[in-house]
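Asker: Before I ask anything, let me first share the structure, which is written out below as structure tokens.
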Amino acid sequence: MPNDFNQNMLNTIKRCEGFIIEDEAFKKGFSEIYPFTTENISGYIDFFDLKDKSLLTVGSSLDQLLNAVLFDCKDITVLDINPNTKHYFYLKLAALLELNRKEFLEFLRYKDFPKVFKDNYQVFNKTLFNEFKSTLRLLDYESYLLWDEVIQNYESRKIRNRLFSLDEERTSVIISCNPYLSSETSYLETRNKIKKVFPKFITCDIEKASLDRSYDNIWLSNIGTHVDLNTLKKIVDKVSQHLNIDGTLLISYLYSTTISTKYQDDWQEIYNLDETFKIFAEYNPTLKDFLGIRDFRFNFDSQHDSVLIYKNKKNIIT
Ligand SMILES: C[S@@+](CC[C@H](N)C(=O)[O-])C[C@H]1O[C@@H](n2cnc3c(N)ncnc32)[C@H](O)[C@@H]1O
């Protein structure tokens, strides 16, 4: 029987060849890695106290992790259903350590790069990869084996289209949403800080996860926009048991929504804010909005995104 890594390596190769692999991630619609976040993390990161605190987050793009590192979070666990999340972390980490910000973007960006309506045929460029792959090998041998096999043997556009989501914003949006990419200084600061951070990875469906510790912050990304409200409630009931006193839980990221947004019947359930506040009443959550992805993408300032947040306040005994 192949072990988990070998099985995943075989599955990843099959995917590069164009086969569909019906694993758990595929069944949930998340067999593709997100190359970059699709959230305005810059908009919500200040709502969380990350400095010297712990974080449990989902996110195969690893941008949640990289931004948390810049904000001095050192104890990070990434839980994601996508089995290549850990391997993508080490590829992104090796690139961050060895490439400058321009090369980092050239190596990882694809859609609308270097210009809008262009695709970057130099994505996962072999020559650039060969320049830093020895670092990847030192960081994590399995990740090195996987990416070396893939990048040496498959056309870069096939790797990008078959392993990664096409849900990728333009460079200007990605830079605005990610503090770690917002300037040369923050890129280099993240590079320095990450040398002292050793994240843990859990590959599983969060609906089935059994956690063995607690965290100061938990980020559920926008899983809430992909599941029904009852399922999200079950996830929140479970993970909130692992939220420390005074900890903060990001229940869900919501696109183009503020507290006054009127629900329309064809939207996902979570956007029905009356129902959402009813089902989460015991958590007394707050909805905080900020510049949204569409505000950046189209230069609007009327399409704010929001995060639904629960704060585990200490019981005050009077
Ligand atoms: C909802 S997706 C969308 C991308 C996200 N907005 C971002 O910026 O990263 C967020 C992440 O959740 C993961 N995910 C989705 N459903 C999951 C589940 N049931 N258990 C664990 N991870 C899940 C996906 O693999 C993906 O990496």
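The values are calculated or read from the model by the stated rules, or taken from the named source; none is laboratory data. No experiment lies behind these values; they were computed from the predicted model shown. Note: ideal-geometry Cβ built from the backbone for every residue, glycine included; neighbour counts use all protein chains shown.
Asker: Going residue by residue through segment 75-87, is there one that turns out to be more than 9 Å from the ligand (Cβ to nearest atom), part of a helix (DSSP H, G or I) and in the same structural domain as Asp112 (by TED's automatic domain parsing)?
Answerer: Yes, that holds for at least one residue.
Asker: Quick check: is even one residue across segment 268-276 away from the ligand (no atom under 16 Å from the Cβ), under 25 Å from Ser42 (Cα atoms) and acidic (Asp, Glu)?
Answerer: No, there is no match, as no residue in segment 268-276 is away from the ligand (no atom under 16 Å from the Cβ), under 25 Å from Ser42 (Cα atoms) and acidic (Asp, Glu).
Asker: Another question about this same structure. Scan Val197, Val150 and give me the residue that is in contact with a Lys or Arg (Cβ under 7 Å, 6 or more places away or on another chain), modelled with pLDDT of 95 or more and of a type in the set (Val, Ile, Thr).
Answerer: Of the residues listed, the single one that is in contact with a Lys or Arg (Cβ under 7 Å, 6 or more places away or on another chain), modelled with pLDDT of 95 or more and of a type in the set (Val, Ile, Thr) is Val197.
Asker: Could you list, in sequence order, the residues of segment 53-112 that are hydroxyl-bearing (Ser, Thr, Tyr) and under 17 Å from Asp140 (Cβ atoms)? Before you say what the answer is, go through the steps one by one.
Answerer: Here is the first cut: in segment 53-112, the residues hydroxyl-bearing (Ser, Thr, Tyr) are 54, 57, 60-61, 77, 85, 88, 90, 110.
Hits for segment 53-112 are Ser60, Thr77, Thr85, Tyr88, Tyr90.
Asker: I'm trying to understand the selection: among the residues of segment 1-60, which are assigned to a helix (DSSP H, G or I) and either of a type in the set (Gly, Ala, Ser) or under 26 Å from Thr248 (Cα atoms) (or both)? Lay out the reasoning, then the answer.
Answerer: Taking segment 1-60 as the starting set, the residues that turn out to be assigned to a helix (DSSP H, G or I) are 4-16, 24-27, 41-47.
Within segment 1-60, Ala25, Ile41, Ser42, Gly43, Tyr44, Ile45, Asp46, Phe47 qualify.
Asker: Another question, if that's okay. Could you grab me the full set of residues in segment 53-69 that are more than 9 Å from the ligand (Cβ to nearest atom) and surrounded by fewer than 23 Cβ atoms within 10 Å (Cβ to Cβ)?
Answerer: Lys53, Ser54
Asker: Just name the residue that is nearest to Ile235 (Cα to Cα) out of those in segment 193-209 that are within 14 Å of the ligand (Cβ to nearest atom) and over 16 Å from the mean Cα position of the chain (by Cα).
Answerer: Glu207
Asker: Quickly run through segment 241-268 and pick out the residues that are farther than 30 Å from Asp52 by Cβ and polar (S, T, N, Q). First the steps, then the outcome.
Answerer: First, pick out the residues of segment 241-268 that are farther than 30 Å from Asp52 by Cβ: 255-268.
Those that are farther than 30 Å from Asp52 by Cβ and polar (S, T, N, Q): Ser256, Thr257, Thr258, Ser260, Thr261, Gln264, Gln268.
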